[in-house]
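Student: This structure is in structure tokens; I'll ask about it shortly.
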Amino acid sequence: NKIETASPSIRLGLADSNLIARNHVTGGLSLVSGSNNIIFGNNLTDIRLIFSSNNTIFGNYMANNPGGDTIDFDQGTINNIFYANTFPINCSVRFNDAGTTFWDNGTIGNYWCDYKGTDSNGNGIGDSPYLIKGVKWDNDVRGDVSFPIGQDDYPLMAPYDVEHETVVLPQNESFLAILLTVGIAIIVVAAGLLVYHKKHKHNLVKKV
């Protein structure tokens, strides 16, 4: 899909185990109280997670967001994993009352446009971690303050190629398959009742 609206273009609330893949979204994505969702291969200006956990965000291209933050973690967001994404130079990560976030999957991290590290063995992974800074509102200074929120231990030296990546779609039974199953069950029950009634009638005839 290609979606161009005011932010957020896609908003999911109380939503679990969904797949959002290969969309071009100008207005960004918002996930509220959602878990175990996969956000894959999209072009996004921004993403916001609120009370959301155990989501996988990978292979996305994050464009510049002149109107706000690129990523916004808010209130109770924990244990989400980001990897194989491309982040712009001016990537802004807002971090308010959120928990642990994983910035690699143990072997693959993200491509950060301002990463200055080297790759001595040519495996496409930077030799040194990428330190991630976030911002949050501080009432004392009446403005945003910057602070470290984590690191990407396997930063990519080039954008990740997602063209040949696939994700497994949920396997939903078709209506025809369900109808066929119900039909077979009805036939079996009907046949059983017919046999029972025949035997019962035969026994009555014998007694007479």
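Student: For Trp103, what accessible surface area do you get with a 1.4 Å probe? Give it in Å², rounded to 10.
Tutor: Looks like 10 Å² after rounding.
Student: Hey, if we sort Thr166, Thr70, Thr5 by accessible area with the 1.4 Å probe, largest down, what's the order?
Tutor: The residues order as Thr166, Thr5, Thr70, largest area first.
Student: Please give the contour-minus-distance gain from Asn43 to Ile184: 0.36 nm per residue of separation, less the Cα-Cα distance, rounded to one decimal in nm.
Tutor: Values: separation 141, 0.36 × 141 = 50.76 nm, distance 4.60 nm.
This chain segment gains 46.2 nm when fully extended.
Student: Order the following by accessible area, largest value first: Arg94, Arg142. Probe radius 1.4 Å; ligands, DNA and RNA are ignored.
Tutor: Ranked from most to least accessible, the order is Arg142, Arg94.
Student: How many nm separate the modelled label positions at Asp140 and Glu4, each set 7 Å beyond the Cα in the direction of the Cβ?
Tutor: Each label point is offset 7 Å from its Cα along the Cβ direction, giving 4.5 nm.
Student: Explain nothing, just compute: Karplus ³J(HN,Hα) = 6.51 cos²θ - 1.76 cosθ + 1.60, θ = phi - 60°, for every residue of region 19-31 in order, whole Hz, x for Gly and Pro.
Tutor: 10, 10, 9, 6, 10, 10, 10, 7, x, x, 10, 10, 10
Student: Starting at the first residue of region 9-14, write each ³J(HN,Hα) from the Karplus equation 6.51 cos²θ - 1.76 cosθ + 1.60 with θ = phi - 60°, in whole Hz, x for Gly and Pro.
Tutor: For region 9-14, the Karplus curve yields 6, 10, 10, 10, x, 6 Hz.
Student: Further, regarding this structure: Can you give me the long-range amide H partners of Asn85? Hydrogens built in the peptide plane at 1.01 Å from N, cutoff under 5 Å, separation of 5 or more residues or another chain.
Tutor: HN-HN under 5 Å from Asn85: Gly59, Asn60, Tyr111.
Student: In terms of modelled amide H atoms, which long-range or inter-chain residues lie less than 5 Å from the amide H of Ile132?
Tutor: Ile149, Gly150, Gln151, Asp152
Student: A further question follows. On the full set of protein chains, 1.4 Å probe, figure out the accessible area of Tyr61 and give it in Å² to the nearest 10.
Tutor: Taking all protein chains as shown, Tyr61 has close to 110 Å².
Student: State the antiparallel share, in %, of DSSP beta bridges confined to region 68-160, rounding to the nearest 5.
Tutor: The antiparallel fraction comes to roughly 50 percent.
Student: Counting only protein chains, not ligands or nucleic acids, how are Leu131, Leu194 ordered by accessible area (probe 1.4 Å), most first?
Tutor: Final ranking, largest accessible area leading: Leu131, Leu194.
Student: Roughly how many debye, to the nearest 20, is the charge dipole of region 1-126 about its Cα centre, given +1 on each Lys and Arg Cβ, -1 on each Asp and Glu Cβ, and no other charges?
Tutor: Charge dipole of region 1-126: 240 debye, to the nearest 20.
Student: Sort region 1-59 into rounded, prolate or oblate with this rule: let a ≥ b ≥ c be the square roots of the eigenvalues of the Cα gyration tensor; rounded if a/c is under 1.5, and if a/c is not under 1.5, prolate when a/b is larger than b/c, oblate otherwise. It would help to have the intermediate numbers written out before the result.
Tutor: Details: a/c = 2.05, a/b = 1.38, b/c = 1.49.
Since a/c reaches 1.5 but b/c is at least a/b, the shape of region 1-59 is classed as oblate.
Student: Here's another thing I want to ask about it. Please give the solvent-accessible surface of Met157 in Å², to the nearest 10, using a probe radius of 1.4 Å with every protein chain present.
Tutor: Solvent-accessible area, nearest 10 Å²: 70 Å².
Student: Pulled fully out, how much extra length does the chain show between Ala191 and Ala158, if you take 0.36 nm times their separation in residues and subtract their Cα-Cα distance? Please list the in-between numbers first.
Tutor: Details: separation 33, 0.36 × 33 = 11.88 nm, distance 6.52 nm.
Difference between extended and current length: 5.4 nm.
The values are calculated or read from the model by the stated rules, or taken from the named source; none is laboratory data. Because the structure is a prediction, the values reported are computed rather than measured. Cβ atoms come from the backbone with ideal geometry, glycine included; neighbour counts cover every protein chain shown. Ligands, DNA and RNA are excluded from the accessible area calculation, which covers all protein heavy atoms including side chains. Shrake-Rupley method; radii C 1.70, N 1.55, O 1.52, S 1.80 Å.
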